[in-house]
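Asker: I am attaching a structure below and will ask some questions about it afterwards.
No lab work stands behind these numbers, since they all come straight from the coordinates. Here the structure is a predicted model, which is why all the values come from computation and not from measurement. Every residue, glycine among them, receives a Cβ derived from its backbone with ideal geometry; neighbour counts consider all protein chains shown.
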Amino acid sequence: VFRWVEHTAELELEIEAASSADVFAEALAAFAELVGKADGPAIEEEIFIKADDAAMLLVEWLDELIYLAETEGFVPEGLASVDLGKDWLHAMVDGHTGQPSHLVKGVTLHRLEFRQLDDGWRARVVLDV
Amino acid sequence: MSELIELSEVLWELPASTRSDMRVPARVFADRELLAAIQGDGSLEQIQNVATLPGIVEAALAMPDVHQGYGFPVGGVAATELPDGVVSPGGVGYDINCGVRLLALPLTEAELARRREPLVHEISRAVPAGAGKTKGRARRGAEIEAVLQEGPRALGGSDDLARTESGGCLPGADAAAVSDRARERGAGQLGTMGSGNHFVELQRVAHVFDDAAAEAYGLRDDQVTVLIHSGSRGLGHQVCSDYVKQMDGAMRRYGIDLPDRQLACAPASSPEGSAYLAAMAAAANFAWANRQVIADAVRSAVGRVVGDESARGTRQVYDVAHNVAKVERYDGRELLVHRKGATRAFPAGSDEIPEAYREVGQPVFIPGSMGTSSFVLAGEPGSVELAFGSTCHGAGRRLSRTGAKKEVSGAELRRELEGLGIVVRSPSNKGLAEEAPLAYKDVERVVEIVERAGLSRRVAQLVPIGVVKG
């Protein structure tokens, strides 16, 4: 599950998930909620990213979605598949092209968190909007 | 409030001894009421975090419109001593050279009369707004390259350049320091407004406070003006993302440990610091070019609705940046002044401001929230004495976007604004609600504080008569 936490100017996203891979699925769902629906052609985007640790992988993941939304008008809908390594992620993302409805300028490192708890995984990231 | 020391009625200090990691004090420009509001979010902690930056001098400063950001608060000013003081991309922000440009039309509201609504609609057609892919003209790679190096000068000569901060071109810009991904995000976005709190507003001069400065700026009672608020769009956002990550990875090498990763920084003289400053300057040049293309589109709209003579007589008053880092000299020291949600406000006599304004001080524009007044200010000597030549940049958010939407719907707000006689064009009711006036502090109080503190003084009050929102 994900939820938006109150922040004066930006958007703070908190995620709880059963597995580390699910954290990325929840982040995608949250991003999809921001950019809305699209009714253009259905497409599948392949995403491959690398980073030093899981928290930075989450930043790269959202950065990639911002880039695709802004340059290709890609509005994601769901995760078709995801493979997650210690410092890499490979995913296929289903969606449509259209006019993403909400601009996200960037993914900050402020209060960035990605950790395993006794009962699952928890992540937090603040987006500049 | 007990740990804050009252330096004056409008200036408060948290001494450097407040925390073991602070290198300098943290100071806040505010009266007691604004200070109470400022203490309601995380901005005081954030300005103390800024006070830990290596090389920071004198104090980390918060303007009266300060509010919680990430890393730096929005409304923060920090100066580091060159060459080895740090540069922090987060201290400039994602929207590099977000700023405001004011145009003055050669007519009064009464003379504009019934053409007001058509003009607002024509401006909304001429200036693409909203998120994601936009309808800005696609630019060739060579044209983007030239804009990154030279700013609006690359788009052709214009009298506006002389009335733009830094002549619309920051020295040291290097297009090669801007990633391909940043260029891709910026391609097609030149001349577009973006979303969030960006806007183009048609206004009327409601009150002149300082006749001499208003005359120098070419402003008079009841005159129609256009205020443009936009920045470097996706290109600048990507430059910030690229370099925050790069510096996050490099900090350990420089022995830098900070309380917030988003403050990621490197010595300005280091390879990472130099590369960021070159890319930031290029993104700032892109932003000035963006506002230039928007201004040209507004002039064309004026031409179509009011006439060519009015378009030719639409003069730029000035253009100021409020998210940027600049090299400036204070007391013989060369400093890198980070202004994140703060505006340069040089006083009369400064060589850095246009000759026509040199006797009255640099113009500063403070946009209010949608539907409320904006202010034209002039830089005062106190800005140099107390705030590295800086003043505030806006009203400052009070409520989160979600909080604003709980208080008012976009449709209600649209009706309310129209009831006040303001023509509204916005692609999204949701976006409209997020920027509702109740989400912001009282801009008049913010402006009163910077005036009492001696940072800048009021020259004119502008009230909205039409809003085109991003």
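Asker: Got a sec to turn the phi values of segment B:324-329 into Karplus ³J(HN,Hα) couplings, 6.51 cos²θ - 1.76 cosθ + 1.60 with θ = phi - 60°, whole Hz, x for Gly and Pro?
Answerer: Values, residue by residue: 6, 10, 9, 7, 9, 10 Hz.
Asker: Here is a further query. With the cut-off at 37 Å, report for the protein assembly as shown the share of all Cα pairs above it, as a whole percent.
Answerer: Of all Cα-Cα distances in the protein assembly as shown, 28 percent exceed 37 Å.
Asker: Listed here are the pairs A:K37/B:K405; A:K37/B:K340; A:K105/B:K469; A:K50/B:K406; B:K245/B:K406; B:K326/B:K430; which of them are more than 27 Å apart at the Cα?
Answerer: From the list (A:K37/B:K405; A:K37/B:K340; A:K105/B:K469; A:K50/B:K406; B:K245/B:K406; B:K326/B:K430), the Cα-Cα distance tops 27 Å for A:K37/B:K340; A:K50/B:K406; B:K245/B:K406; B:K326/B:K430.
Asker: Another one. Give me a single rounded figure for A:3-16: the average over its residues of other chain Cβ atoms within 10 Å of their Cβ.
Answerer: Partner-chain Cβ atoms within 10 Å, mean over residues of A:3-16: 5.
Asker: I would also like to ask the following. Please report, ordered by residue number, every helix of chain B (full DSSP H runs) that is 20 Å or longer along its axis going by C-alpha atoms and whose mean Kyte-Doolittle hydropathy reaches 0.0.
Answerer: Within chain B the helices that satisfy the rule are B:271-305.
Asker: Provide A:M56, B:M193, B:M251 in ascending order of the number of other Cβ atoms located within 10 Å of each residue's Cβ, fewest first.
Answerer: B:M251, A:M56, B:M193
Asker: Any chance you could run the full-extension gain for B:S179 through B:K430? It's 0.36 nm times the residue separation minus the Cα-Cα distance, nm to one decimal.
Answerer: Result for the pair: 87.1 nm of gain on full extension.
Asker: Report the paramagnetic label zone for B:A356: residues of segment B:100-127 whose backbone N is under 11 Å from a point 7 Å from Cα along the Cα-to-Cβ axis.
Answerer: Label zone hits: B:104.
Asker: When Lys and Arg each count +1 and Asp and Glu each count -1, what net charge do the other residues less than 11 Å away from B:A216, Cβ to Cβ, add up to?
Answerer: -4
Asker: Given the peptides B:178-185, A:12-19, B:440-447, B:286-293, arrange them by the average over their residues of other C-beta atoms within 10 Å, most packed first.
Answerer: Sorting B:178-185, A:12-19, B:440-447, B:286-293 by mean packing, highest first, produces B:286-293, B:440-447, B:178-185, A:12-19.
Asker: Mind giving me the FRET efficiency for B:E45 and B:R23? R0 is 22 Å, r the Cβ-Cβ distance, nearest 0.05 is fine.
Answerer: 0.85
Asker: Let me spell out the model: positive unit charges on the Cβ of Lys and Arg, negative unit charges on the Cβ of Asp and Glu, origin at the Cα centre of segment B:81-121. What dipole size does that give, in debye rounded to 20?
Answerer: Dipole of segment B:81-121, to the nearest 20 debye: 380 debye.
Asker: Please name whichever of B:A282, B:G419, B:V24 sits farthest to the positive end of the charge dipole of chain B, dipole taken about the Cα centre and charges placed at Cβ: Lys and Arg +1, Asp and Glu -1.
Answerer: Of B:A282, B:G419, B:V24, it is B:G419.
Asker: Can you give the relative contact order of chain B as a percent, counting alpha carbon pairs under 8 Å and 6+ residues apart?
Answerer: 22
Asker: Restricting to chain B, compute how many DSSP beta bridges are antiparallel as a %, nearest 5.
Answerer: 90
Asker: Helix-only estimate, please: 222 nm mean residue ellipticity of chain B, summing -39500 (n - 2.57) across DSSP H runs of length 4 or more and dividing by its residues, to the nearest 500.
Answerer: That comes out to -9500 deg cm²/dmol.
Asker: Nothing charged except the Cβ atoms of Lys and Arg (+1) and of Asp and Glu (-1): what's the magnitude of the dipole of segment B:414-453 about its Cα centre? Round to the nearest 20 debye.
Answerer: 180
Asker: Another question, if that's okay. For the pair B:E6 and B:F209, what calculated FRET efficiency results from E = 1/(1 + (r/R0)^6), where r is the Cβ-Cβ distance and R0 = 30 Å, to the nearest 0.05?
Answerer: 0.65
Asker: Give the residue list of GluC sites (Glu not before Pro) in segment B:266-374 that are DSSP loop and have at most 13 other beta-carbon atoms within 10 angstrom.
Answerer: The qualifying sites are B:E359.
Asker: So, one more: Quick check: the distance between the Cα centres of segment B:63-113 and segment B:433-470, to the nearest angstrom?
Answerer: That distance is 14 Å.
Asker: Rounded to the nearest 0.05, what FRET efficiency do B:H121 and B:A162 have when you use their Cβ-Cβ distance and R0 = 51 Å?
Answerer: With a Förster radius of 51 Å, E is 0.95.
Asker: Residues with beta-carbon under 10 Å from that of B:G76, excluding B:G76: net charge, scoring Lys, Arg +1 and Asp, Glu -1?
Answerer: +2
Asker: Also: Helix-only mean residue ellipticity at 222 nm, chain A, DSSP H runs n ≥ 4 weighted -39,500 (n - 2.57), per residue, nearest 500. What is it?
Answerer: Using -39500 (n - 2.57) per qualifying helix, the result is -9000 deg cm²/dmol.
Asker: Turning to a different aspect of this structure: Out of residues 5 or more away from A:L11 or on other chains, whose amide H comes under 5 Å of its own, with H placed 1.01 Å from N in the peptide plane?
Answerer: A:L127, A:V129
Asker: How many nm separate the modelled label positions at A:S19 and A:D39, each set 7 Å beyond the Cα in the direction of the Cβ?
Answerer: Calculated label separation equals 3.6 nm.
Asker: Hey, got the average number of other protein chain Cβ atoms within 10 angstrom for residues in A:70-77?
Answerer: 4
Asker: Based on DSSP, what percent of beta bridges with both residues in the protein assembly as shown are antiparallel, to the nearest 5?
Answerer: 95
Asker: Considering only segment B:10-100, what is the antiparallel percent among its DSSP beta bridges, to the nearest 5?
Answerer: If we restrict to bridges inside segment B:10-100, about 75 percent are antiparallel.
Asker: Arrange the peptides B:373-384, B:297-308 so that the one whose residues have, on average, the most other Cβ atoms within 10 Å appears first.
Answerer: Descending mean neighbour count gives B:373-384, B:297-308.
Asker: Same structure again: If you find the alpha carbon centre of segment B:1-40 and of segment B:205-233, how far apart are they in angstrom?
Answerer: Taking the Cα centre of segment B:205-233 as reference, the centre of segment B:1-40 is 33 Å away.
Asker: With a cut-off of 8 Å between alpha carbons and a minimum separation of six or more residues, what is the relative contact order of segment B:266-346 in percent?
Answerer: Dividing the mean separation by the residue count of segment B:266-346 yields 17 percent.
Asker: Can you pull the mean other chain C-beta count within 10 Å for peptide B:93-100?
Answerer: So the per-residue partner count for this stretch is 2.
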